[in-house]
Amino acid sequence: MRLTAVLFSSGLDSAVLAALEARTARIHPIYISTGLAWEAEELAAVDRVLASGTFRDVAPPARLSFPVGDLYPSTHWAIRGEPPGFETPDEDVYLTGRNITLLSKAGIYCAQQSISRLAIGPLAGNPFPDATPAFFTAMAKALSLGLSHPIDIVAPLSAMHKSDVIRLGIELGVPLALTMSCMNPHVGKHCGRCSKCRERQHAFRESRIADPTEYAVAVR
């Protein structure tokens, strides 16, 4: 069976992506720490999700680091842990070069491990320039050339909205309650105040599936 690397943040999207890839491959989760405020909670959720028994054939997760503290000022909301509010648009949480950072580090790791398929989880409507098909194609070509190793970057969820991903997650048996999609989590709970929590809440409503998430602030 082939080995597929999955950028795995413990978020709802990446957990469903991993389960989808696991249908046809042995998955190798990769978590890349960049020094952002919510990473300790994400890492705890990575352990919870991977220990849930959902993934029968999974390689031990790789935990890599690519600090961005010299790129973002100490006052940046993602470093401070004070994300934009509930109703703010997606554009307000753009992290410059986020996917460039993640894919560069993951691509090097994949070359070292002789892995050629690297999966990432952007969804339909993602407005950021480093989440487009053209970018992924160009990045895969650059990594393949620069590493002298074939790298295929795939985004299997890119035509889906989050409500669709939730339905797929239920179909695949993903423990959605254990996932973490929040920019200011509190001891295993979603904050309920940030735009990621808003996106998650609205998607569960649209999917007509009960939201199992525990929020620090009541669902709106």
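Any read-out appearing in this document is the output of simple, stated calculations on the displayed coordinates, not a laboratory observation. Just so you know, these numbers come straight off a predicted model, no measurement behind them. Note that each Cβ is placed from the backbone with ideal geometry, even for glycine, and that neighbours are counted across all protein chains shown.
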Percent antiparallel among DSSP beta bridges (both partners in the chain, rounded to 5): 10
Ranked packing of 147-155, 161-169, most packed first, by mean Cβ within 10 Å: 161-169, 147-155
FRET efficiency, residue 142 to residue 218 (Cβ-Cβ, R0 41 Å, nearest 0.05): 0.35
Answer label, with log10 I(q)/I(0) by the Debye sum over Cα atoms at q = 0.08, 0.12, 0.16, 0.17 Å⁻¹ calculated from the coordinates and candidates [x] -0.28, -0.59, -1.01, -1.15; [y] -0.32, -0.69, -1.11, -1.20; [z] -0.26, -0.61, -1.15, -1.31: [z]
Computed [θ] at 222 nm, deg cm²/dmol, the chain (DSSP H ≥ 4; -39,500 (n - 2.57); rounded to nearest 500): -11000 deg cm²/dmol
Cross-link reach list, lysines versus residue 196, counting only Cα pairs under 26 Å and skipping chain neighbours closer than eight places: 105, 162
Theoretical FRET efficiency, 1/(1+(r/R0)^6), r = Cβ-Cβ of residue 52 and residue 205, R0 41 Å, to 0.05: 0.95
Among 63-74, 124-135, the order from most to least packed when residues are scored by Cβ within 10 Å on average: 124-135, 63-74
Protection proxy ranking, peptides 170-182, 14-26, average beta carbon neighbours within 10 Å, highest first: 14-26, 170-182
